[in-house]
1. Just name the residue that is surrounded by the most Cβ atoms within 10 Å (Cβ to Cβ) out of those in region 139-152 that are at pLDDT 90 or above and not in a loop (DSSP other than H, G, I, E, B).
2. May I ask you to say which residue of ALA268, ALA248 is assigned by TED's automatic domain parsing to the domain that holds THR395 and not in a loop (DSSP other than H, G, I, E, B)?
3. Tally time: how many residues in region 744-790 are within 17 Å of LEU836 (Cα to Cα) and aliphatic (A, V, I, L, M)?
4. Of the residues GLY977, GLY937, GLY921, which is of a type in the set (Gly, Ala, Ser), under 30 Å from GLY866 (Cα atoms) and exposed (fewer than 15 other Cβ atoms within 10 Å of the Cβ)?
5. Kindly indicate whether any position in region 160-181 is assigned by TED's automatic domain parsing to the domain that holds ARG77, within 48 Å of the chain's Cα centre (by Cα), over 30 Å from LEU973 (Cα atoms) and part of a loop (DSSP other than H, G, I, E, B).
6. Can you find, within region 589-607, the residue that is nearest to LEU530 (Cα to Cα) among those that are touching a Pro at 6+ places or on another chain (Cβ under 8 Å) and of a type in the set (A, V, I, L, M)?
7. Can you confirm whether THR124 is surrounded by 15 or more Cβ atoms within 10 Å (Cβ to Cβ) and either without any contact (Cβ under 8 Å) to a residue 12 or more places away in the chain or among the β-branched types (Val, Ile, Thr) (or both)?
8. Among the listed residues VAL115, VAL134, VAL104, VAL155, identify the single one that is loosely packed, with under 15 Cβ neighbours inside 10 Å, in a strand (DSSP E or B) and modelled with pLDDT of 85 or more.
Amino acid sequence: MTLPAHLELASLARGAAGRMSRRLTVPFAAGGDVLHLALTPAAGAPESADVGRYDFTDHIARFGATPTPSYVVRTLRDLDRDTLLTVRVADPALGGGAAVAEVVLPAGTLAGESVPLLLPADATDAARLTRLTVARRAGPGFAAAPGAVADEWAVTALLGHTARLLWVLGAERDLLRRHIARTATQRQLATAIGVSLDLIGADVAVPRFPPLAYSMDDDTVALYHLDDAPGAPIAVEDFTGRFPGRSAHHGTPSGSVTLGALGRYGTAAAFTGPGAVTVASHTAFDVPTNAALTAECFVKPDADGPDARILARRGATGAGWSIELGAFGRGLPRIVRATVSDGTREQVLHSGRSLRTDRFTHVAVVVDRAEGSVALWVDGERADLRPIGALGPLTAAQPVVIGPGAGAALRATIDEVRISRVARRTFAPALGEHDEHYRRRLGIFRRWTLPTPAALTAVLNDAVGPIGGVANPLVVDDADSPTDRGHLVVRVVPVALPPGESMDATGRRGVPPEEELYGDADDLTIDPVLLLRHDAADVDYGPATTGDPHLMQPPLARMVDRLRTIAAAEAAGRLRIASAWTPGAPDARAAGRAVVLRHSAIAVSELAALAHRAGFLLVRTLPDATGVYASCAPGTPIVLGRPGAAPDADLTVDVGATITVAASPVPPGPAEVRWSVAAGGVRVTPAAAAGQATVNGVTPGPAVVTLDVVYEGFAATASVAVRVLPTTLAEGSSIAADGTLGAGPEVAGAPAERFDPALLQRFTAPFVTLTTPDAGRIQPGTADRLRTLLTGLTGTLTLRSGFVPVPAGGAPTLASQGRALTMRHSNLAAGRLAALAHAAGFSWVTVDGADVKVLHRPEDLIVVRGPDLVEEGTTITLQAVPGPSAVSATTRLHWSTGPLDPTAGRADVASPALPALQLTGRQAGRVWVQAAFREAGATGPYAMRVRLTSAVPAGATITRDQYDLIMNVVHALHPLGVEVLTRDIRPAVVELAGRPSLDPDYTYPKFRLHRSTARLRTEQLRKDLEHG
C-alpha cells in the first residue's frame, strides 16, 4: 500500500528506529523509547530551525527512570553537496551555558539517512538542543543555505540502549527504503534517469539524440572542432570567433600534427611524434583565484608510448594546468593524468584505467572553486577528486598547446577541444543527450498536440527557451506571403457524346431523369398560345406527327439560336428541329422546353457536344443515334426585352427619358396582364400595343420591371433589370456605381496594404493624351472601364492625373495604386463626361470644375489572356500579363487550376515557357485558372513558417541544440501535407553558415512496429549511448 505524501514524510522522519520502537512489548519499551523533536522556522534566520522546548517527563512517568538521551539527525531530502549541520546545545554545565555540535553529511546522502550528533564533551543529561543551522559546501568552506530547514530535517532523541541498537540495525533499512522509492519512481517521466528514461523513450519511439559535436555557450572561452582542411586560410579555427561579440583564438599547427584525420566528429588532429597546435597566450585563458575552469577533449591513443601531454596551458613547471597521457610509473599504460598548479601548490589526479586504442575517450579536468575541488573526468564519470585547498590562480603567460609540444612524442588523435570558464559536471551533447534535456523532449511527445500554429508556437517556445534574452522568441505563422493574382474561368466541353450518353450543364455525365433534375414542373400542360414561334431560314423543322416543332419557350429558343451560330462555324449544312412542343410527351417537350435535333453535316454525337456548349441544361444523344434531345429548366415561359433587340442586351434608360419594354411571346388578348416595378427609380406604364410598356427613368441606379401574366389558370412572371443613368452631373456632385448620388469616395474601397507599381499598365489609345508620363499608369480593371468610356466618343480625352507615388513612409492612396484618374474632354462638358464615366462602370465619379475625377474598386492586377473554352483532350495557350520579369528579377509565376463549383471540370496545366501556360481539358465543366506572382522564397499555401519575433534583438544567435529541438518538434508535430519552413531562422544558427540547409535525420520521429518494451535490452541501450 502507498501512504499519502504527508504520512510517508512523517514515516521517513521517524526512521526505522522510530517505527520499530512502537512495536516493542512493555518489558522492552523503556529501552526502545524515542522522542521526535519538533522543528519550527527560526525568525530572521532562514538557514535555521528552532527546536521546540522538550523534556523527558513523559518517559519518567511511564517507566520511572530518567533517560540518557543520544541524538540522531536525519535528512528528508537527497543532498547534492556536502552539508554542515550546526546544532546549538544549552546546558548549565557548559561554559557560558551553551555550545555547538557539528556534523557533516557528504554529498550523495539520500533522504531518510541519519547520522549521530555528538554533544560537547562537558554536556550532561540536562543538555537540550535549541537550534539547527544548515550550511552547504562553498569552496574550501561552507556557506549558509537558506531554505525550508524545518521541513527538510528531523532530529530524534534515542532514550535507551535498545533504541540506539534499533537505530544501528535500522540504518541500512532506511537506506534501502529510499532506494526502493527511487526504483519505483523510474516508471515516471519526471523522476526516471539513465536507462530507465531510455526505456520510456523507446516506448514512445523517441530515442535520445546521438552524441554530437559541441556548440557554443556563454561560458565557452575557446572551441576547436579540428575539422580544418590542410591549407585552409585559418589553419586551426576557434569556432567561438564566428559568434557576435566574441574574439577568436586561432591555432597554428607545427611538427608531426596532421589535420584531416578521422575524428570523433568529422575530422581531427593526428600526432605521430613531437608536434602541437599552439594558441597564443591571452588573458581570456587566465584562471584567477575566484574563477572556475573546464578543459576537455577527445583522445584516441594509437599505441603505447612515452608520457606526453595532450592539452595544456603550462610550462614545464610553474602555474597552469595540463592533461597528459602515459604510464607515469603507475604500472598501467595509457592512463590520464591531470595537473593543476598555482606555481607553489599543485594537485595531481589520475584516471586509474587505461584508455582504449579502438575508440575516442572524453577526458576533462574541472576546477570547481564553489565546491572547493579539482576533478578528473573520463567519459563522463569522475575518475579522481581532490580538494582544492589553498590553491591560488592557475595563470601563467603560456600558450594553450594541443598535443605534446616540441619535447615528447605522442601517437594519438585528438578531437573536439573545449576550454570553459565554468566548472562543468555534464558534457552533453558530446557524450550524448543529457537526462534533463531528453526528459523535456519526451514531455513534448508523450502528449497529443493539435498542430495549429498557436499550439506549435507554444511547444517550440517551451522546448527551446529564451533566445537573445527574449522569452517566447519563436512564432509559427501559416499566413501566405503577399501574392498578386489574376484569374480566368475556362469552360471544358466534350468533343462528342456517344449514343445513350447524357450530360447536364455542369458537365456531369450520366445524369438522372428530368423529373429528378428539374423537380416537379407545373408547365407540362401549357397552352400553346403562351409559346414562342421559332422561325429561322437556316433551320428545317419537322416532320412531327403531333405538336409543332416551331413552338417553344423563349429560353429554349435562345439556346437554339446559340447552337445555330456554333454549328454554322463548325460545318456547312442545316440544323433540323425534328420536334419541339409535343402535347402529352413524357418529357419537357410537353411544356415546349425541349427539342430533338439533327444536322445534315454534323454527326449526332458531335451535335450533342455542340448543344452542351450552346447552354442547354440537359443534353442526351438518343440511344438509336437518330437525334439529340436537349432541354432547359422550367420557370421562365415569358421574357422581357427591347422590341427588336437581342434577347440578352442590357437595358438602360436615361433619367427623364423613356424606353419601351416588350414581352415575348406576346400574351394572348384574354390574358390578365399586370406591369409593376419591383425595385429602383423607374415608372412603368402599359402601352397600347399588347405585351408592351413604357419605362420612365426617374433616379439613377438599378431597377427591376416585372410582368405578371395569368391565362386560363396558368400564371407566369417575367422580370428584367433596367439601369437608370444620369445625363449629366452637377458641379461638386458625385455618384457611386450603384447610382447613389452624393456618395463618398470610400465606396471605391481602401488602398491595399501592399502594392507593387510594377503591376500597373501604361494606358495608350488614339485620341487620348497624357499631361504627365504617369497619368496613364493604372490598374487593369481601371483601364477596362476607361476603354468602355472611350467607345463611341469623338474628340480628345486628356488624362491629367493617374499614378501619383507617395513619399517613403507615407500613407498609400488610390492614386498611388493606379485606381484614380483625373480627366477632361475636348468636346464634352465635365458634367456629361462624368455621366458617361458612371455609365462605363467606374466605382465613384465626381465633377471638380472642368475636371472629372474617378475612383475604381480593386480588381485583379494580373490579366490572364487566352480562350475561355477548351475541348476535352485538346490544349489551349494562356498568358499572364504582365510577365514576371516585368515586375522584378525575383518575381516567380505560379499557375494553378481547379474545378469551379458546382461543376466537376478538370484540366491539366503545363508551363514550358513563362509566362505562357498550356491548359489541357480533361473533364467537362468549368475550371478556374490562376496566375499568381510571388517573390522567390515566399511562403505559399500548405506551409507554415517558423521565425523569430520582432522582440529578439538583431544579431541574436540560435544554438545548435536549440535548432535541433526546433527541427525535432516540427518534424514530429507538423500537420500532414503541410511544409514547415525554417529558412528564416537558419541565418541565426552559426553552424549553418555557408551551408544551404541542415536537416539532421536524428531529429525525425522514429517509427516502429508495435511491440512490447520488455523485449528491449538495457545492455544494448547502453552500447547505443556509448557509441552514438
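1. VAL149
2. That would be ALA268, the only listed residue that is assigned by TED's automatic domain parsing to the domain that holds THR395 and not in a loop (DSSP other than H, G, I, E, B).
3. Looking only at that region, the number is 5.
4. Working: GLY977 fails: under 30 Å from GLY866 (Cα atoms); GLY921 fails: exposed (fewer than 15 other Cβ atoms within 10 Å of the Cβ).
Answer to the selection: GLY937.
5. no
6. Only one residue fits best here, namely ALA591.
7. Taking the combined requirement at face value, the residue does not satisfy it.
8. Values: VAL115 fails: loosely packed, with under 15 Cβ neighbours inside 10 Å; VAL134 fails: loosely packed, with under 15 Cβ neighbours inside 10 Å; VAL155 fails: loosely packed, with under 15 Cβ neighbours inside 10 Å.
Only one candidate passes the filter, namely VAL104.
The values are calculated or read from the model by the stated rules, or taken from the named source; none is laboratory data. Please read all numbers here as calculations on a predicted model, not as lab measurements. Note that each Cβ is placed from the backbone with ideal geometry, even for glycine, and that neighbours are counted across all protein chains shown.
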